[in-house]
Amino acid sequence: MRAQEPAAHNQTRAPKQARRSVEGKTGLFSSAEVLLVKKDMGAIWAQKSQRSLLMALPLILAAVIPAVYFVAISLLPVAMGAKLPQALLAILPKYVNGLDYRQSWLVAFTDLLCPLLFLCVPILTAAASASYAFVTERESGTLESLLLTSVDAKAVFNAKVTSCTVLSALISGVAFVIFSITAVVADVFAGVPLFFSLDWLVMAFLMAPALSLFSVVFVGLIVTRVHSTGESLQTMGYLILPVAAIYLAQFTGIFRVNLLALLIISLILAILDVVLFNAAARGFAPEKLLEDEPNE
């Protein structure tokens with residue numbers, strides 16, 4: 001009988017070990033973090049105003065504004081012999097020299113300004129999502145209740161950053177598909193080569209996700225310094241300004257944001273993401289978040 005006791009003891013230990021493995025890490029995230037990610041994504045999308053904003057942003061930036069421009073450039077009268085400024089022709093693809101005025105402006109808008117419109121989508125959607133996940137929940141007291149549970153602050157922070165970044169990246173992907181359809185239709189009707197290039201691949205799959213994560217951790221970094229969601233949303237301007245400055249400066253003809261520049265910018269953003277994430281995670285502590293309540 002005694003010889004059978006170790007076997008029976010091992011059998012009783014096996015379910016406990018299995019439960020501990022389920023409750024522990026599942027890949028990069030713990031089971032608690034996975035649940036928090038699902039909770040945050042559902043809570044953000046469940047808010048009618050938040051959902052409307054997240055749906056309207058990609059439609060306006062990736063479809064409405066480009067479509068309005070494409071229609072306007074095809075209908076506006078053009079003077080005989082009109083051409084693009086030489087400074088712009090110098091940074092556009094060589095085939096533009098063989099296009100007419102309307103076609104040239106279509107290519108210039110698609111190559112020089114549409115990337116700015118597209119990159120605003122991950123910035124705005126990430127900042128809007130993070131403002132709700134961090135600041136609005138802090139205002140309503142939900143964040144306080146969550147931090148006072150058995151879930152540690154690191155898990156809460158990781159879950160909120162992940163949920164907001166994933167949601168922003170998904171919306172950015174949808175925006176890229178919407179813009180691609182709009183631009184392809186315009187290119188076909190105008191009789192110009194399709195807009196798609198390696199530059200757009202880098203923007204869609206490297207730069208846009210990096211911008212989403214950067215915007216989320218930036219809001220997470222300042223969560224203890226703002227006292228309302230409105231103040232948090234004002235950070236959108238600071239996040240968009242550097243990107244806008246880079247792309248608008250192209251119209252001076254001094255430089256072009258080419259494939260190499262996009263790769264370098266994406267690498268710099270990835271490094272900044274790691275630095276800001278670590279800094280924001282250190283500041284995301286109950287004693288810092290709860291010592292100065294927003295409603296005071």
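Structure notes:
- Any hit, the stretch 200-215, residues being open to solvent by less than 70 Å² (accessible area, probe 1.4 Å), in contact (Cβ under 8 Å) with a residue 40 or more places away in the chain and either more than 26 Å from ALA56 (Cβ to Cβ) or touching a His at 6+ places or on another chain (Cβ under 9 Å) (or both): yes
- Residue satisfying all of: in the stretch 164-181; farther than 11 Å from PHE118 by Cβ and among the hydroxyl-bearing types (Ser, Thr, Tyr); surrounded by the fewest Cβ atoms within 10 Å (Cβ to Cβ) among these: THR165
- For the stretch 248-259, the criterion of being assigned to a helix (DSSP H, G or I) and touching an Asp or Glu at 6+ places or on another chain (Cβ under 7 Å) is met by at least one residue.
- The stretch 110-128, residues that are touching a Phe, Trp or Tyr at 6+ places or on another chain (Cβ under 9 Å) and open to solvent by 10 Å² or more (accessible area, probe 1.4 Å): ASP111, LEU113, LEU116, LEU117
- Looking across SER145, SER131, SER150, one residue alone is open to solvent by 30 Å² or more (accessible area, probe 1.4 Å), assigned to a helix (DSSP H, G or I), more than 20 Å from PHE255 (Cα to Cα) and at pLDDT below 90. It is SER145.
- Test: residue in the stretch 275-285 that is among the aliphatic types (A, V, I, L, M), free of Cβ contacts under 8 Å to residues at least 24 places away in the same chain and open to solvent by 20 Å² or more (accessible area, probe 1.4 Å): yes
- Selected residue (criterion: nearest to the chain's Cα centre (by Cα)) from residues of the stretch 176-217 that are in a helix (DSSP H, G or I) and among the hydroxyl-bearing types (Ser, Thr, Tyr): SER212
- All conditions but one from (1) in contact with a Ser or Thr (Cβ under 9 Å, 6 or more places away or on another chain); (2) of a type in the set (A, V, I, L, M); (3) farther than 17 Å from SER232 by Cβ apply to VAL107; the one that does not is (1).
- From VAL107, VAL71, residue being open to solvent by 70 Å² or more (accessible area, probe 1.4 Å) and aliphatic (A, V, I, L, M): VAL71
- Residue under evaluation PHE251, criteria (1) farther than 21 Å from ASP199 by Cα; (2) at pLDDT below 90, criterion not met: (1)
- Complete set of residues in the stretch 216-243 that are farther than 15 Å from VAL161 by Cα and open to solvent by less than 20 Å² (accessible area, probe 1.4 Å): VAL226, SER232, THR235, LEU239, VAL243
- Of all residues in the stretch 92-104 being farther than 30 Å from LEU57 by Cβ and in contact (Cβ under 8 Å) with a residue 60 or more places away in the chain, the one that is most open to solvent (accessible area, probe 1.4 Å): TYR95
- The residues of the stretch 56-91 that are within 30 Å of TYR132 (Cβ to Cβ) and without any contact (Cβ under 8 Å) to a residue 40 or more places away in the chain, listed by number, are ALA56, ILE60, VAL64, VAL68.
- Each residue in the stretch 153-163 was checked for being buried (at least 23 other Cβ atoms within 10 Å of the Cβ) and closer than 30 Å to LEU259 by Cβ, and 1 pass.
- Enumeration of residues in the stretch 44-55 that are part of a helix (DSSP H, G or I) and either of a type in the set (A, V, I, L, M) or surrounded by 13 or more Cβ atoms within 10 Å (Cβ to Cβ) (or both): ILE44, TRP45, ALA46, GLN50, LEU53, LEU54, MET55
The values are calculated or read from the model by the stated rules, or taken from the named source; none is laboratory data. Keep in mind that this is a model prediction, so the values were computed, not measured. No Cβ is skipped: glycine too gets one built from the backbone with ideal geometry, and neighbour counts run over all protein chains shown. What goes into the accessible areas is simple: the full protein's heavy atoms, side chains included, and nothing from ligands, DNA or RNA. Shrake-Rupley method; radii C 1.70, N 1.55, O 1.52, S 1.80 Å.
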